[in-house]
Amino acid sequence: MLVMGDVFKLGRGARLVATVFDVKSGAKIRSATQQAAEQDSLLTAFGPLARGVLAVPPPTDAKMETSARKASTPIRRTSSA
């Protein structure tokens, strides 16, 4: 697998997009998008983005209502499989 990503500036915030490809066939496996409300809060978007890339749910003991979580919007996953 190969993961390629993009970061787009959106006003004061940013959108991070990660796409997973099958290296042998070149087929797109899935894509995950995470948006950060502020450009200086990109690190808060990486955890949810990584879970989207890996296609795993958050840990059962994760505190989802932290200020860091509120600073970003939910993941949008797409799949071409």
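The values are calculated or read from the model by the stated rules, or taken from the named source; none is laboratory data. Here the structure is a predicted model, which means the values were calculated and not measured. Backbone-built Cβ (ideal geometry, glycine too); neighbour counts: all protein chains shown.
Observations on the structure shown:
- Residue that is nearest to residue 43 (Cα to Cα) [pool: residues in the stretch 1-33 that are among the aliphatic types (A, V, I, L, M) and not in a strand (DSSP E or B)]: 1
- Of the candidates 31, 80, 41, the single residue that is at pLDDT below 90 and surrounded by 12 or more Cβ atoms within 10 Å (Cβ to Cβ) is 41.
- Residue within the stretch 49-61 that is surrounded by 13 or more Cβ atoms within 10 Å (Cβ to Cβ), modelled with pLDDT under 85, in contact with a strand residue (DSSP E or B) (Cβ under 7 Å, 6 or more places away or on another chain) and not in a loop (DSSP other than H, G, I, E, B) present: no
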